[in-house]
Amino acid sequence: MNFTMLKRMIGGGAKSFMRSGSVSFATVLVMTVTLMIVGFLIFLSAILSYTLAAIEDKVDVNIYFVTTASEPEILLVRDQLATLPEVAVVTYTSRDKALAEFRERHADDQLTLQALEELGENPLGASLAVKAKDPGQYESIVRFLSDDISNEVIIDRINYFQNKTVIDRLTSAIRATESAGAVIVALFALASATIIFATIRLAIYTARDEIAVMRLVGASNMYIRAPFVVAGIIAGLLSAVITLVVFYPIAWYIGESASGWLGGFNLFTYYLDHFPMIFLTLVGSGVVLGGVASWFAVRKYLKV
Amino acid sequence: MIYFDNVTKEYRDGTPALSDVTLGISPKEFVSIVGHSGAGKTTLIKMLLAQEKPSQGAVFFEEVDIHTLPSSSLHHYRRKIGTVFQDFRLIPNKTAYENIAFAMEAAGRADDEIASDVPYILDLVDLGDKADHFPSQLSGGEQQRVAIGRAIINQPDLIVADEPTGNLDPVNTYEIIEILKKINELGTTVIITTHNKGVVDAMGKRVITMEKGKVVRDDKNGHYIL
């Protein structure tokens, strides 16, 4: 295929896209709406994963030490924990700090503070707060601590065992939400692809007689097909650009008004930060679906 | 040049459209195929354009059995034939100029050739001033002249016209037939199917009469007799 033919195929596609005004307009309109669904899915999964990450972040396990445990012993445990691959952060709270925090928490509660004074000494033990990279990993972290017999002497209690049911439930809820989200995204993506295919098939159906005439006039299958594929790609590209433009104010508005409600997640910032990814996803799906759908839609009418 | 060898066509439900048709057409002939509706004229043309395959027999175009050609290379064969239809079959979103140019573009002809040939052909079919009109802006006679322009632009060996005057008034019919006659005089084989007695009788050329899928008459200087 030489340059002249290529130029004719692309030029022919662009021209017929412009001229079949109402059909092209309808195609672009449907594709835009469909790509918006794809875009909202991107936003939705971003919001979902942000929210889940925020919830996961709230889960931790506290290890309370007996009051007689010395600081070097505790720090040794901390360092051991920190080397575990499952552990994200370990925070050490000393006995004094625990007391200070306790006082602060009960600043309005004179009775408790009085009782504390009467005790004369600090009744609180030091503690370590452990955050795992994944909420499912707490069990193995806790097991690591209980396996070491030397720890048993200094560890008073680990609140994992009280929180176990809550953590487990939360973990499975997060997993379920994630996979439900994935299924929803997959379903809508499939629906979008189907809608785009159907729309383009309809647009090309209106040109079926034309395709037959082109065959009879002696045009090769390639020469007939290419302009339709080009027109499909143009429709996809245009729809993706329209979607990206329309999303700008939408993302801004949602970012402004719903950020607090979404736990600090700002959609507008997300849109700007992830623009290359969103751009590629929308333009890519528009162009690929438009082109591939046209390719298959024409095939049906080439059998003349 | 063209040879139908015992061609039979039965449609899927068993109705015969052509039965046992054998006929030959030589280069530079002008052949009219006449007959009632449903006599098999259009089926015969469709066989020749490889739009349909015969149930039995074969159709040869210069020694090639055209129904053995694969669909992907059929366009090379079809470029040797210019086709004109009763319903014109122009591409609706292309202008008169572009409809004619399309046949040249599809055949891979150079841009400068197209730029010089298309205006010449438009003048030949008397549409020089309507080059930028779309089919919907042209009358039936004008559309058919565009179709003829498209059929002859690549200088085919053969022009096939299926009821070319079927949708036209007498004046336009006369013009179209004159153009086809001129093309034939310049050395191109022409095959037309028609209902029009006046057209056939005025021509005084070979007439093939069909009835119920069979060739019933084949006259050298024929008349329209049914």
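The values are calculated or read from the model by the stated rules, or taken from the named source; none is laboratory data. Values in this document were obtained by computation on a predicted structure and should not be read as measured data. Because the Cβ atoms are built from the backbone with ideal geometry, glycine has one as well, and the counts that use them run over all protein chains shown. With ligands, DNA and RNA removed, areas are computed over all heavy atoms of the protein, side chains included. Shrake-Rupley method; radii C 1.70, N 1.55, O 1.52, S 1.80 Å.
A few comments on the model shown:
- C-alpha center-to-center spacing [region A:246-265, region A:89-152] in angstrom: 39 Å
- Residues along region A:1-17 losing 30 Å² or more of accessible surface when the other protein chains are present rather than the chain by itself (probe 1.4 Å): A:M5, A:R8
- Note on surface exposure: B:R145, A:R169 rank A:R169, B:R145 by accessible area, highest first, 1.4 Å probe.
- Computed P(r) (all Cα pairs; chain B; 5 Å bins; percent): 1, 7, 15, 18, 20, 16, 12, 8, 3, 0, 0
- Cα pair distances exceeding 46 angstrom across the protein assembly as shown, given as percent: 45 percent
- Looking at region B:6-65, the chymotrypsin sites (Phe, Trp or Tyr not before Pro) that sit in a DSSP loop and have at most 14 other Cβ atoms within 10 Å of their own Cβ are B:Y11.
- Accessible surface, chain A, averaged per residue in Å² (probe 1.4 Å): 54 Å²
- Compared with its chain on its own, region A:189-223 contains the following residues whose accessible area drops by 20 Å² or more in the full protein assembly (probe 1.4 Å; ligands, DNA and RNA excluded): A:E210, A:V213, A:M214, A:R215, A:L216, A:V217, A:G218, A:A219, A:S220, A:N221, A:Y223.
- Over chain A, the ratio between the Cα radius of gyration and 2.2 N^0.38 Å evaluates to 1.62.
- Extension gain from A:A54 to A:R201, taking 0.36 nm per residue of separation minus the Cα-Cα distance: 48.5 nm
- Accessible heavy-atom area order of B:S73, B:S139, highest first, probe of 1.4 Å: B:S139, B:S73
- With a threshold of 26 Å on the Cα-Cα distance, the over-threshold entries among A:K7/B:K181; B:K182/B:K212; B:K46/B:K220; B:K53/B:K214 are A:K7/B:K181; B:K182/B:K212.
- Only aspartates and glutamates eight or more places from A:K164 in sequence, or on another chain, were considered; those with a Cα closer than 13 Å are A:D60, A:E139.
- When its C-alpha radius of gyration is set against 2.2 N^0.38 Å (N residues), region A:90-234 gives a value of 2.32.
- On the beta carbon distance between A:N2 and B:Y77, with R0 = 30 Å, the FRET formula returns roughly 0.85.
- Relative contact order (%) - criterion: Cα under 8 Å, at least six apart; region: chain A: 29 percent
- With DNA, RNA and ligands ignored, accessible area of B:V215 (1.4 Å probe; Å², nearest 10): 50 Å²
- Accessible area of chain B belonging to carbon and sulfur atoms, whole % at 1.4 Å probe: 49 percent
- In region A:77-147, GluC sites (Glu not before Pro) in a DSSP loop with at most 15 other beta-carbon atoms within 10 Å: A:E121
- Ligands, DNA and RNA excluded, the heavy atoms of A:V246 present near 50 Å² of accessible surface to a 1.4 Å solvent probe.
- Scaled against the 2.2 N^0.38 Å expected of a compact globular protein of N residues, the Cα radius of gyration of region B:132-226 reads 1.14.
- Taking all protein chains together and rolling a 1.4 Å probe, B:K182 ends up with roughly 110 Å² accessible.
- Nitroxide proxy distance, nm - points 7 Å out along Cα→Cβ at B:D126 and A:V33: 5.1 nm
- Computed over the protein assembly as shown, the per-residue total of -39500 (n - 2.57) for DSSP H runs of n ≥ 4 gives a 222 nm mean residue ellipticity of -19000 deg cm²/dmol, rounded to 500.
- Above-threshold pairs, the threshold being 27 Å between Cα atoms, out of A:K15/A:K300; B:K130/B:K197; B:K80/B:K197: B:K130/B:K197; B:K80/B:K197
- Counting only protein heavy atoms and a probe of 1.4 Å, the accessible surface of chain A is 66% carbon and sulfur.
- Buried solvent-accessible surface, both chains (A, B), 1.4 Å probe, Å² to nearest 100: 2100 Å²
- Over region A:60-161, volume per residue of the alpha carbon convex hull, in Å³: 104 Å³
- Bridging of B:K9 to aspartates and glutamates at a Cα separation below 12 Å is possible for B:D20, B:E52, once same-chain residues fewer than 8 apart are set aside.
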